[in-house]
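One structure is given below, encoded as structure tokens.
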Amino acid sequence: MLDAALEDIVALTEDDRGTPSVSMWAEDGPPSVSDERLETFAAAIWAVYELRQLWKSPGPRVAPLRKEAEPGRNDPCPCGSGKKYKKCHGA
């Protein structure tokens, strides 16, 4: 989807090789743009919308990292010594 959208936008940078059939400046003016070029403009506009949708999509959900709860300073040490954590393994 991304590559196709970018190709449609890049196509606007190429020269108009079709036979001019529509005037870009006035309804009764001389033809200056081909029908193919107008189709290229339309495709590029839709490509911009598709790129916007791609940009707005949230992507895969990432699970939050959860730390294991650590004992507080004054809690009993989890090793079972009976001392406070700060005096045993927290030192």
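Coordinate-derived values only; no laboratory data. Being a predicted model, the structure only gives us computed values, none of them experimental. Positions of Cβ are backbone-derived with ideal geometry, glycine not excepted, and every protein chain shown enters the neighbour counts.
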### Task
Collect the residues in the stretch 72-91 that are assigned to a loop (DSSP other than H, G, I, E, B) and surrounded by 12 or more Cβ atoms within 10 Å (Cβ to Cβ), keeping them in residue-number order.
75, 77, 81, 83, 85, 86, 87, 88, 89, 90
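Scan the stretch 57-87 for residues that are among the hydrophobic types (A, V, I, L, M, F, W, C) and either more than 30 Å from residue 2 (Cα to Cα) or over 33 Å from the mean Cα position of the chain (by Cα) (or both) and jot them down. Don't jump to the end; show me each part of the working.
Narrowing the stretch 57-87 to residues among the hydrophobic types (A, V, I, L, M, F, W, C): 62-63, 65, 69, 77, 79.
Within the stretch 57-87, 65, 69, 77, 79 qualify.
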### Task
Taking the residues in the stretch 1-57 that are of a type in the set (Ser, Thr, Tyr) and in a helix (DSSP H, G or I) as candidates, determine which candidate is surrounded by the fewest Cβ atoms within 10 Å (Cβ to Cβ).
13
